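What follows is a short report on a single structure.
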Amino acid sequence: MNPFTYMRTTEIEGAVAAALSDRTSSFIAGGTGVVDLMHDQVEMHQVLVDINFLPLSAIEVSPEAITIGALVRNSDVIQHPAIREHFPMLTEALSHSATPQIRNMSSVSGNLLQRTRCSYFRDVGFACNKRIPGSGCPAMEGYNRAHAILGTSSACIATHPSDMAVALVALDAVVHTQGPNGDRRMPITDLHRLPGDTPEQETVLDHGELIAAIELPVSRLVARSRYLKVPTDNFSLASVATALEVEDNRIRDVRIALGGVATKPWRSHEAEAALRGAALNESTFIAAAEAAVQDAVPRQYNSFKVDLIQRMIIFALKTVGDVA
Amino acid sequence: MNTVLGKPLSRVEGRLKVTGTANYSADVSVSDLAYGAIFGSTIAKGRVIEIDTQAADNMPGVLSIITHRNAPKLNQVNMFPLGPAGETLVPLQDDTIYYAGQHLGIVIAETLEQATDAASRLKIIYAEEPATATLQQAIARGQKPEAFPGVHHFNATRGNFEQGLAAANVRIDAIYSTQMIHHHPLELSATTAVWEGDQLTLYDATQWIYGDRNAVATILGLPQEKVRIISRFVGGGFGCKCFTWSHVILAAIAARQVGRAVKVVLTREQMFTSVGYRTPSSQQVILGATCDGTLTAISHTGIVQSSSFAKYPTPVGLLTPMLYACPNVVVNHQLMHVDAGTPTQMRAPGEALGMFALESAMDELAYTLKIDPLELRLRNYAQDNDPQSGRPWSSKFLKECYLQGAVRFGWERRNPETGSMQDDGFLLGWGMATAAYPVYLSPAAARVKVFADGHAIAQSGSHEIGNGTYTVMTQIAAEALGLPPEQVQFELGDTTLPNTPITGASRTVGSVGPAVQAAAESVRSKIIQMAIADSASPLYGRAEMQITPAEGRLFLTQNPTQGETYSEILRRHRLEFVEAYEETLPRDADETDRNKVFSGINALRGPVDSKYAMYNFGAHFAEVRINPVSREVSVTRFIGVFDCGRILNPKTAGSQVLGGIVMGIGMTLLEETTTDPTLGRIATPNLADYHVPAHPHISGIETVFINKPDSYVNSLGSKSVGEISIVGVSAAIANAVYHATGKRVQDLPIKLEKLL
């Protein structure tokens, strides 16, 4: 770990200004991500701006939406009764994330911005396009069991590790930010970028831009939902967030988001298109699962994910749709 | 009298451990301490062209940087089993790189943070060469393995294998492979080196203080008496702390270089490349049998890996010749050199690997013959003698293990058809396998002092690696002295104490225990003799055999009211304490064994070089539950029944065998160190990627001891519990997975993608 300057403020504007004072700076909340990365010299920040004392720790409930402050701890989201009632998928996803100790520390904004578990990224002895742009990607021909089959590029196949983010893209969450250029609101699907040729740019956030809150629009659809994860006790190899609204045995509306298989929290519009309006039965689910992986690019050690994610999509839909 | 031995005494050091006051090697505080950060190669093969230290040299707090350019010339030392080194490579002697992670130097600084930061600023330029870093890669590339080095007579033949196979009605011929695994004890390897003049003290996390002393003295060119090793608590070893590795030497030379004490703690990442590993293996097993299940031929060929520069042999087929009464057996071991570090011992080093193969093959045979797997084993049971050596068993209650395990597990309710047992949509599978592990014994010494206030101190330079040494030795001394265990203090982990062997090969209780017992009995006898000869004693004029020790008193067995306490005798004689020192040899050992062990060289007697075939035995029964969607396997029930002789403490011994089963579950389902196929560098060097079992993986484990003493092995009747319990676990689980799914997984670990 390199020496660094620690700064702390109680004002959001002050935190943004502090972050802008150094181009290597990082915000730190729970610290469960950034400290590890600094220990391993993957990130070398000269300045850490502690945001734990900003007024961003509230969960606000209204009839239209629940808004979760950026600093709310993951464990507090799990415990919240209104979230449990309206967004059971989110509670389920977080319950399968990390460990109780980490959930007690980690913030929801840190969870969204956590970095990939790609072991090539996390070991500075390897080349990595995400860490050192243009240095190469040994995962392509290397041990890529944990890597992505969707959203990959020739520069990067690292997965996004968050379970919560997968649930949030299924829930049409909106991210509120505050930064040097003022306030922004964006659909969560816009927050993370695909790796493309610039895998080092993981989100659309500017340097110094802070996530302030996550807004979850209340919807009848997502009350009937499920988050399914493999393995349940570690970072996801494959996960499926599903919600179904059924009318007269036809699928009126649906959400499918995938984790562990894609370079960003993955909303599968292909699978949703195959389901929306279709009859509620297993052959529909199979068609949706096939659509979800139609663009998959498997590699030597992760090709099983093509099969696994389809099995999980079908099973999750059967469970949520109550189809035997 | 039996008041303490055999009782489930809780760990005597438990309070220290749970309150954080047990000082492990990295916890020692010494004055004027500096910190070392080791750095290693990122390439697997080649040479160092340049290590640019300029940026690091000028960083605050940096005291010195040692690389091969300025390191002192060091001496060679023999690698285990001929010597105490973990590998033949002595650090920093030239620019050659043999494996990724090989230590290339050490930065010494005022603080750990400064040392680590400076090490990260070094620029190392390499001349890289293509590497073959894994066994599977070497096999795929057609590289030829070589025979094991000549000193190891691990191969075996009896009868005529070809004829036996020709006589068979059915045969199984399969290749089984196992993965690279790392030990990962909770405690990272750590060494603090303190020089006082030419006297070196090392606080080192080691399972072998005398071997460590020998290795360090030899490498640094010091007489052994100039080196002292202290290791009061070891936070788990599992084999990776048996031998002296590079970081120990680097700590010592760093401390000498900067003229200050230096502490070195390996990082978790360095634990993957600095202290050995369990070799991967590729094994071919051929079984021939008649229709009634009688084995007519067994062939077991095992290929394991070692580094390119050392011949470290891991014999996977040691148990194959003794396990079944088959007349025709051939066992062959081969070694493949690859561009990786040297493997080392790990809990049942070869046995855990070989029994996965052999006991999986037995299950395949059982299915081929449509004979119950347990019944197949009973039909080939070797009742009286080791079928290989012809020697009688020192004791063998394997049949009892099988039968007790089967009853407790409910084995008779098993429907042998694959996929036939389900629970709530999940697939259930039941499998079983045999466990065995040799009894190894070594010479040892101990000293016991009884003090005038009635307490006693027993000393023997052994090791507490979590195995319960403090507790069991306390019990042994207390039992022999007739003292309550809280009146006895046991001291270990210091080369100034009486000599003992390595805490490896499950030999500590069986080897050190008799020495502690002998020294305690000896001091007891001295004090009784004092009383008998003393007209002021109520025991005056009595014979020693008439006297019983209990609760701190010596009294007439026939009349317990007639006697007196240790205190009363010592005080009357104005003695502060009375002490005795004793050495014990295993039955078949000699003075040469003793002299070797006492100078830090391994010497042991096992079933191959004793008059009796001494083995531990056991049987595993596993239930797996398999998710029908994801094919994830979980072990929901596991019963292990063990014949380890007399159990001196069912609590600590129970923990040992439980731990071995947990480790076996890890080896079977989770643990795997993967190496990047192109770069030859470990691709998953952290515990986020390298998964070990956690609570969700280990429910429903039950362990049982037969608990019958072995009258041959030693004065305590105890065989050994450290390693036996991991042997066969993988086969029991793999066999259960087959029963559940009809898929025979022959390569570990059993990951879900192998069952999709």
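The values are calculated or read from the model by the stated rules, or taken from the named source; none is laboratory data. Bear in mind the structure is a predicted one, so any value in this text is a computation, not a measurement. So basically every Cβ, Gly included, is an ideal-geometry build from the backbone, and we count neighbours across all protein chains shown. The accessibility values were calculated without ligands, DNA or RNA, using every heavy atom of the protein model including side chains. Shrake-Rupley method; radii C 1.70, N 1.55, O 1.52, S 1.80 Å.
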Requested in this report: Let me know the mean shielding of A:142-154 by other chains, meaning the per-residue number of their Cβ atoms within 10 Å of its Cβ.
Outcome: 2
Report task. Mind checking the per residue accessible area of chain B for me, 1.4 Å probe, whole number of Å²? Result -> 34 Å²
Requested in this report: Please list, in chain and number order, the residues 5+ apart from B:Asp747 or on another chain whose amide H is under 5 Å from its amide H, with Hs placed from the backbone.
Outcome: B:Ser177
Report summary line: Note to self, the protein assembly as shown gives a 222 nm [θ] from helices alone (DSSP H runs n ≥ 4, -39500 (n - 2.57) apiece, / all residues, nearest 500) of -7500 deg cm²/dmol
Report task. Taking H placed 1.01 Å from N in the peptide plane, check which residues at least 5 places from B:Gly105 or on another chain put their amide H under 5 Å from its amide H. Result -> B:Phe39
Query raised in the report: In sequence order, what are the phi-derived ³J(HN,Hα) couplings for segment B:333-343 according to the Karplus relation 6.51 cos²θ - 1.76 cosθ + 1.60 with θ = phi - 60°, rounded to whole Hz, with x for glycine and proline?
Result: 10, 9, 10, 10, 7, 9, 8, 9, x, 7, x
Requested in this report: Indicate the residues belonging to segment A:106-138 that lose 10 Å² or more of solvent-accessible heavy-atom surface (probe 1.4 Å) upon moving from the chain alone to the assembly of all protein chains, ignoring ligands and nucleic acids.
Outcome: A:Arg117, A:Ser119, A:Tyr120, A:Asp123, A:Gly125, A:Phe126, A:Pro138
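What Kirkwood radius, in Å to one decimal, follows from the Cα pairs of segment B:383-440? It would help to have the intermediate numbers written out before the result.
Details: mean 1/r = 0.0696 Å⁻¹.
In segment B:383-440 this quantity evaluates to 14.4 Å.
Let me know the whole percent of all Cα-Cα pairs from segment B:565-631 that are separated by more than 14 Å. Could the numbers behind the result be given before it?
Working: 1699 of 2211 pairs.
Distances greater than 14 Å cover 77 percent of the Cα pairs.
Tell me, what % of the accessible area of the protein assembly as shown is carbon and sulfur with a 1.4 angstrom probe? Please list the in-between numbers first.
Details: 19400 of 38720 Å².
Of all accessible area on the protein assembly as shown, carbon and sulfur atoms account for 50 percent.
Please state the shape class of segment A:10-121: rounded when a/c is under 1.5, otherwise prolate if a/b exceeds b/c and oblate if not, all from the C-alpha gyration tensor.
Details: a/c = 2.69, a/b = 1.40, b/c = 1.93.
Verdict is oblate for segment A:10-121.
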Report task. Find the centroid of the Cα atoms in segment B:15-43 and in segment B:189-253, then give the distance between the two in whole Å. Result -> 14 Å
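Explain nothing, just the number: relative contact order of segment A:86-241, from Cα pairs under 8 Å at least 6 residues apart, as a whole percent. Don't skip to the answer; put the middle values down first.
Numbers: 252 pairs, mean separation 46.6, N = 156.
Computed over segment A:86-241, the figure is 30 percent.
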Query raised in the report: How high is the relative contact order of chain B, in percent, counting Cα pairs under 8 Å that sit 6 or more residues apart?
Result: 17 percent
Report task. Would you work out the relative contact order for chain A, in percent, from Cα pairs under 8 angstrom that are 6 or more residues apart? Result -> 17 percent
Report summary line: Cα extents of segment B:100-235 along the principal axes, largest first, in whole Å, come to 71, 40, 30
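Kirkwood Rh over alpha-carbon pairs of segment B:14-73, then Stokes-Einstein at 20 °C and 1.002 mPa s: what D in µm² s⁻¹, rounded to an integer?
137 µm²/s
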Report summary line: At 10 °C and 1.306 mPa s, the Stokes-Einstein diffusion coefficient in µm²/s for the protein assembly as shown, with hydrodynamic radius from the Kirkwood sum on alpha carbon pairs, is 50 µm²/s
**Report entry** Base-10 log of normalised Debye intensity for segment A:1-73 (one unit scatterer per alpha-carbon) at q = 0.14, 0.25 Å⁻¹
**Finding:** -0.49, -1.09
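Rounded, prolate or oblate: which one fits segment B:247-316, using the alpha carbon gyration tensor with axes a ≥ b ≥ c (rounded when a/c is under 1.5, else prolate when a/b beats b/c, else oblate)?
Details: a/c = 5.17, a/b = 4.15, b/c = 1.25.
Since a/c reaches 1.5 and a/b is larger than b/c, the shape of segment B:247-316 is classed as prolate.
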Report summary line: Computed ³J(HN,Hα) along segment A:230-237: with the Karplus parameters 6.51/-1.76/1.60, θ = phi - 60°, integer Hz and x for glycine or proline, the list is 10, x, 6, 10, 7, 4, 5, 8
Requested in this report: Only helices at least 30 Å long along their axis, Cα-based, and averaging -0.5 or more on Kyte-Doolittle count here, so list those DSSP H runs from chain B.
Outcome: B:508-532
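Do me a favour and compute the ellipsoid semi-axes for chain A from its Cα gyration tensor, root of five times each eigenvalue, largest one first, whole Å. Don't jump to the answer; show the numbers that get you there.
Working: eigenvalues 207, 124, 47 Å².
Taking √(5λ) for each eigenvalue gives 32, 25, 15 Å, largest first.
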Query raised in the report: Given the pairs B:Lys241/B:Lys596; B:Lys263/B:Lys449; B:Lys449/B:Lys708; B:Lys144/B:Lys311, which span a C-alpha to C-alpha distance of over 22 angstrom in this model?
Result: B:Lys263/B:Lys449; B:Lys449/B:Lys708
Report task. Return the lysines within reach of B:Lys754: Cα separation strictly under 17 angstrom, same-chain partners fewer than 8 residues apart disregarded; answer none if there are no such residues. Result -> A:Lys305, B:Lys743
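Restricting to bridges with both residues inside chain B, how much of the DSSP beta-bridge set is antiparallel, in percent to the nearest 5?
Working: 102 of 133 bridges.
That works out to approximately 75 percent antiparallel.
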Query raised in the report: On the first, second and third principal axes, largest extent first, how far apart are the outermost C-alpha atoms of segment B:420-527 in Å?
Result: 69, 27, 23
Requested in this report: Beyond 21 Å, what share of the Cα-Cα pairs of segment A:63-152 is found? Please give it as a whole percent.
Outcome: 48 percent
Report task. Leaving out ligands and nucleic acids, note down the accessible area per residue over segment A:73-148 with a 1.4 angstrom probe, in whole Å². Result -> 38 Å²
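Please state the shape class of segment B:8-115: rounded when a/c is under 1.5, otherwise prolate if a/b exceeds b/c and oblate if not, all from the C-alpha gyration tensor.
Details: a/c = 2.61, a/b = 1.41, b/c = 1.85.
In terms of gyration-tensor shape, oblate.
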Requested in this report: Excluding residues on the same chain fewer than 8 positions from A:Lys318, give the lysines whose Cα lies under 16 Å from its Cα.
Outcome: A:Lys229
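For the A and B pair, go ahead and give the buried accessible area with a 1.4 Å probe, both sides summed, in Å² to 100. All intermediate terms of the calculation are to be shown ahead of the outcome.
Working: alone 13910 and 27110 Å², together 38720 Å².
In total, chains A and B hide about 2300 Å² from solvent.
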Requested in this report: Report, in whole Å, the centroid distance computed from the Cα atoms of segment B:607-679 and segment A:243-294.
Outcome: 43 Å
Requested in this report: For chain B, count the residues as N, evaluate 2.2 N^0.38 Å, and divide the Cα radius of gyration by that value, please.
Outcome: 0.99
Query raised in the report: Can you list the residues, at least 5 places off or on another chain, whose amide H is less than 5 Å from the amide H of B:Thr279, using H built in the peptide plane?
Result: B:Thr344
Requested in this report: Read phi for every residue in segment B:307-314 and hand back ³J(HN,Hα) as whole Hz from Karplus 6.51 cos²θ - 1.76 cosθ + 1.60, θ = phi - 60°, with x for Gly and Pro.
Outcome: 5, 6, 10, 9, 9, 9, x, 10
Requested in this report: Under 17 Å Cα to Cα from B:Lys123, which lysines show up? Leave out anything in the same chain fewer than 8 places away.
Outcome: none
